[in-house]
Amino acid sequence: MTDELDEVIRQILQDYRHLMTEAERRADRAFVFQEKMQEADDPQVVAKMTAAMREALEDRNAEILFEKGRECFLRDVARRVVAKHGATLPRCDTCGAVLKTPKAKECFACDDDNPAVDDGPS
């Protein structure tokens, strides 16, 4: 994924998670459990994460989303939330990069110390 797409996805998941569908939330939890399971050395932790992942995927729609893979899933969620709910992300007025937060005092892309915020299309 591109850096900007990563930033858009991060902000969607941070600021607009409440707009995810139940199936999206379940698939997202399954990805978290999968990652923890892969990092675990303790067989009991692996078993617990496997059970939690299976439980999250009991919903067929969540399972379908999960089967797409994490990158595709995140991209699709971000696109759906932006399209359906008009979620706009703050951008630097100087270079157009996505800012880290709506009240950012610095643009890390162009080093502008006081970027005018462009909230996207009105």
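The GluC sites (Glu not before Pro) of region 34-103 that DSSP puts in a loop, and whose beta carbon has at most 11 other beta carbons within 10 Å, are Glu58.
Computed per residue of the chain from DSSP H runs no shorter than four, each worth -39500 (n - 2.57), the mean residue ellipticity at 222 nm is -18000 deg cm²/dmol. Counting only lysines at least 8 places from Lys105 when in the same chain, those with an alpha carbon closer than 30 Å to its own are Lys84. Considering only trypsin sites (Lys or Arg not before Pro) in DSSP loops that have at most 16 other Cβ atoms within 10 Å, the longest stretch of the chain without any of them is 1-67.
Entry note, the chain: relative contact order of 24 percent, from Cα contacts under 8 Å with a spacing of 6+ residues. Here's the list of lysines a cross-link from Lys48 could span, going by alpha-carbon distance under 21 Å and ignoring same-chain residues fewer than 8 apart: Lys36.
Placing pseudo-labels 7 Å out from each Cα toward the beta carbon at Lys105 and Gln14 gives an inter-label distance of 1.6 nm.
In this simple spin-label approximation, Glu35 and Asp113 carry label points 7 Å from Cα along the Cα→Cβ vector, and these lie 3.5 nm apart. Against the main long axis of the alpha-carbon atoms of the chain, helix 70-85 sits at an angle near 50°.
Values quoted throughout were computed directly from the atomic coordinates according to the rules given, and no laboratory measurement underlies them. On a predicted model such as this, the values are computed, not experimentally measured, just so you know. In this analysis, Cβ positions are derived from the backbone assuming ideal geometry, glycine residues included, and neighbour counts consider all displayed protein chains.
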